[in-house]
Structure formats: C-alpha cells, structure tokens
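Below is one structure, written out as structure tokens, with a few remarks after it.
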Amino acid sequence: MKTCLITAMLLLAAVAARAEPTSYAIDPTHTFPSFEADHMGISVWRGKFNKSSGKVLYDNATGTGSVEIVTELASIDFGMDALNTWARGKDFFEVKKYPRAVFKGSLQSPVNGVPTQLVGELTMHGVTRPLTLAVHSLKCIQHPMLKRDYCGADASGSFNREVFGLSAGKDYGFNMNVDLRIQVEAVAQP
C-alpha cells in the first residue's frame, strides 16, 4: 500500500511538473516577421525584418501563455538598399530615435490545446496600440540537436500604420494598412 501511495504521488508530481508553463527564448535565426504594404494602390511591396529577439512563456497543457517580441527596425529588408535606407530614416521609422518595435501579448482562445489568438499591444514609433494576431499553427517538438523542447508558430494580422505616426505616402494614395505574417521558432530554456 505504501509503495502504491508513493508511486501515485510521484506520478502526480510528474504530471504537475509537466503542467507548469515553460520559458522559451526566440530563436533569432529562425524568426522572420514579414509584411506587405500598398504602393500607391497599384502594387504590393513586401519585406521582412532580419533581427528579432524575445521570450515566450507557454503552457502546452492549456494552450495559453505570454509573448514578448522585440524587432530591430534597422534590420528592415525590402530587397532594395535604397528603400531600406529610406525606411530607416527621418521620413519613416526614425531608427535613431525609435530603434525597436515591441509586441507584448497573451496566447488565448485555445482549440484542442492550441492557442488561436495572440492578443496584445504593439509599441512602435513611440506609440502603443492594441493588436490581435491569428495563430494559424503552433507545434512543439524535441529539437534533434539541442535535446530540448522547441516550438514553432505561424501568425498573421494587420494594422493601420498611420495610428503609429507612419503616414508617409498617404497624400499619394497609399493605403495605410499593413499586413503582417510572422514565422517564429523558440527553444525551451534550461
């Protein structure tokens, strides 16, 4: 009887330990926030940011947690050097004054244990506004080389860049809406 009770207690402790949220660090070599933005109503320009960092606290059992992502705006990459330089400058991001965009939010609305929304706030260009992203997928595996839990997700959303004081091109007919697509991977911290 005593052995059964000890075994049951150990099993409960193991289950409780697995139910604890896990802390993850964003893998900057596998995380690329990308975007699409209108160009005078005649074409769509696409780009990405090459440097991001952050942390995630994720409870795999409940599909909930929190996220903080920091994106270095100077890492913008349209695939065109002149446009990258312009976007970093005083007429748009002003990266010397506002070097980063920061998103803080919580993973919510799980379906079958997987969150379907990331609800939070985006701070950019000195302005903070609410932003909700749809989570299209989130999966965790054992990383084959690191031998630690490794998660990847795909999320998307959109926002009006004018509310962040980024209205360049509006007078020329640019639509102020920006569509985001974010692929992110993160590794469990020891």
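The values are calculated or read from the model by the stated rules, or taken from the named source; none is laboratory data. Values in this document were obtained by computation on a predicted structure and should not be read as measured data. Here the Cβ is made from the backbone with ideal geometry for all residues, glycine too, and neighbour counts use every protein chain on show. Side chains included, ligands, DNA and RNA excluded: accessible areas come from the protein's heavy atoms. Shrake-Rupley method; radii C 1.70, N 1.55, O 1.52, S 1.80 Å.
Annotations
- Count of the range 134-177 residues which are under 22 Å from residue 43 (Cβ atoms), touching a Ser or Thr at 6+ places or on another chain (Cβ under 9 Å) and surrounded by fewer than 17 Cβ atoms within 10 Å (Cβ to Cβ): 1
- Taking each residue of the range 118-144 that is free of Cβ contacts under 8 Å to residues at least 60 places away in the same chain and looking for partners that are charged (D, E, K, R) and open to solvent by less than 60 Å² (accessible area, probe 1.4 Å) with beta-carbon atoms closer than 6 Å, six or more apart or interchain, yields 136/154; 137/154.
- Within the range 111-133, considering residues that are modelled with pLDDT of 95 or more and part of a loop (DSSP other than H, G, I, E, B), the one least open to solvent (accessible area, probe 1.4 Å): 115
- Residue in the range 170-189 that is on the phi > 0 side of the Ramachandran plot and of a type outside the set (D, E, K, R) present: yes
- Unmet requirement for residue 146, which otherwise passes all of (1) part of a loop (DSSP other than H, G, I, E, B); (2) over 22 Å from residue 59 (Cβ atoms): (2)
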